[in-house]
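Here is the structure we will look at, set down as structure tokens.
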Amino acid sequence: MKKAIERFPDHADLIGRLVEQSETFRSLCEDHQLAVETLDTLTARRPTDDKIVHEYRTLIEDLEVDIATALNKVR
């Protein structure tokens, strides 16, 4: 949830509520958190143009679109 709030700070309260109410949204935020943490670890160890780094960046972008979509549905 922390990384989702960092990415969408204007929606911190809504994110907190949705995490408590929706297992699906909570799982989405957990996946996002793990992907961001993994990307941080990878970029500390590998060149930024590495294939796996690119894949994680794409995954994070996709997860952020899903989070934004979920937030927009309940606003």
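The values are calculated or read from the model by the stated rules, or taken from the named source; none is laboratory data. On a predicted model such as this, the values are computed, not experimentally measured, just so you know. Heads up, the Cβs are rebuilt from the backbone with ideal geometry, glycines too, and the neighbour counts pull from every protein chain shown. SASA here: full protein model, heavy atoms, side chains in, ligands and nucleic acids out. Shrake-Rupley method; radii C 1.70, N 1.55, O 1.52, S 1.80 Å.
Where is the GNM fluctuation largest for the chain (alpha-carbon springs, 10 angstrom cutoff): 35, 12, 44? In this elastic network of the chain, the residue with the biggest mean-square fluctuation among 35, 12, 44 is 44. Once C-alpha pairs closer than 8 Å and six or more residues apart are averaged by separation and normalised to the residue number of the chain, the relative contact order reads 34 percent. The label point for residue 27 and the one for residue 57, both projected 7 Å from the Cα toward the Cβ, are 2.9 nm apart. Percent of accessible area on the chain owned by carbon and sulfur, 1.4 Å probe? Roughly 47 percent of what the probe reaches on the chain is carbon or sulfur. Accessible surface calculations at 1.4 Å, restricted to protein heavy atoms, place the chain at 68 Å² per residue.
Of all alpha-carbon pairs in the chain, indicate the percentage at a distance above 16 angstrom.
Working: 1302 of 2775 pairs.
The share of Cα pairs beyond 16 Å in the chain comes to 47 percent.
Less than 12 Å Cβ to Cβ from residue 34, Lys/Arg counted +1 and Asp/Glu -1: what total charge do the surrounding residues give? For residues surrounding residue 34, the net value is -2. Taking the longest Cα principal axis of the chain as reference, the axis of helix 51-74 is set at about 10 degrees.
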